[in-house]
Amino acid sequence: MRMSEFREYLVSAADAIGIRLRPDEVDLFCTYKELLIERNKLMNLTSIKDDLEIAIKHFTDSLTCLLVAERAEFDSVIDIGTGAGFPGLVLKIMAPSSSAVLVDSVGKKVNFVRDTASALGLDGVAAIHGRAEELGRNAEYRGQFALAVSRGVASLPALCEYCLPFVRKGGIFIAMKGPKAAEEIDAGARAAAILGGGRPEITRLTLPYGAGERMLVVITKEQATPNGYPRKTGAPEKQPLGLRVQRPEKSPSSSPSNRPLG
């Protein structure tokens with residue numbers, strides 16, 4: 001596919017979801033795409049290799065975050081499980097005055113993100129090789145961000161524990177999920193409440209060119225996350241918050257109930 005065609009697909013797809021890209025932003029995305037393709041020949045950054053799919057499933061998908069978080073509303077963003085920089089690096093390009101921390105547990109991916117940010121001339125980007133469970137207990141990062149994002153790396157309850165500790169009061173966490181995330185909302189809501197978050201709000205959308213349905217789950221940080229969260233490495237996925245079913249105590253005048261409380 002010629003670069004001009006990639007640009008056309010990207011611009012039209014963004015326009016289809018209600019986002020108008022400036023020429024300078026498109027230029028950066030085109031360079032980003034070329035860097036992704038070249039590095040992907042040497043290491044596994046993405047299984048998506050077709051230019052059209054990259055335009056839609058990586059870049060346009062990342063841009064959907066701006067449907068629920070206006071670029072003027074966040075001065076800082078942290079992306080947990082960023083992989084090749086999606087959506088965090090895309091959001092940085094769209095909000096260049098913001099600071100961005102992009103976290104991944106795979107060192108080679110972190111190196112790619114760091115190199116790409118440098119090649120694109122982006123200031124205020126930190127690519128960190130680490131685990132959310134450890135960084136979330138670090139005062140340098142805990143409660144410091146207006147926006148936390150993560151793209152489908154775990155269940156919603158686990159994502160809440162990974163991401164909400166980083167968000168400051170009044171900030172938001174966006175979980176980028178597929179349509180089956182509806183099954184996780186109740187447990188996610190209970191987990192969010194434990195971690196200082198409000199009730200999840202859901203935005204449903206369909207990506208252009210038949211690329212599938214998406215759900216953006218948005219949780220506002222209402223209170224500080226209690227000490228003790230996030231738990232030790234591995235616990236958020238192995239023992240997700242919000243899944244325990246609590247039963248009320250029986251009394252002679254009450255009937256049994258299986259409904260979760262809270």
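The values are calculated or read from the model by the stated rules, or taken from the named source; none is laboratory data. Nothing here was measured: the structure is a model prediction, and the numbers come from that model. In this analysis, Cβ positions are derived from the backbone assuming ideal geometry, glycine residues included, and neighbour counts consider all displayed protein chains. Heads up: the accessible areas ignore ligands, DNA and RNA and are worked out on the full protein's heavy atoms, side chains in. Shrake-Rupley method; radii C 1.70, N 1.55, O 1.52, S 1.80 Å.
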Please verify whether region 217-233 includes one or more residues that are closer than 23 Å to A55 by Cα, basic (K, R) and surrounded by fewer than 22 Cβ atoms within 10 Å (Cβ to Cβ). no
Looking only at region 176-191, decide whether some residue is within 22 Å of L66 (Cα to Cα) and within 12 Å of the chain's Cα centre (by Cα). yes
Can you find, within region 144-186, the residue that is least open to solvent (accessible area, probe 1.4 Å) among those that are over 23 Å from S98 (Cα atoms) and of a type in the set (V, I, T)? I185
Output the residues belonging to region 42-65 that are surrounded by fewer than 20 Cβ atoms within 10 Å (Cβ to Cβ) and part of a loop (DSSP other than H, G, I, E, B). L42, M43, N44, T46, S47, I48, K49, D50
Out of all the residues in region 88-132, which are over 16 Å from V77 (Cα atoms) and in contact with a helix residue (DSSP H, G or I) (Cβ under 7 Å, 6 or more places away or on another chain)? F112, T116, A119, L120, H129
Quick test of your reading of the structure: G210 fulfils all but one of (1) assigned to a loop (DSSP other than H, G, I, E, B); (2) crowded, with 16+ Cβ neighbours inside 10 Å; (3) of a type in the set (G, A, S). Name the failing condition by number. (2)
Before we move on, is V68 hydrophobic (A, V, I, L, M, F, W, C), touching a strand residue (DSSP E or B) at 6+ places or on another chain (Cβ under 9 Å) and surrounded by fewer than 20 Cβ atoms within 10 Å (Cβ to Cβ)? yes
So which of L21, L35 ends up being of a type in the set (A, V, I, L, M) and either in a helix (DSSP H, G or I) or in contact (Cβ under 8 Å) with a residue 60 or more places away in the chain (or both)? L35
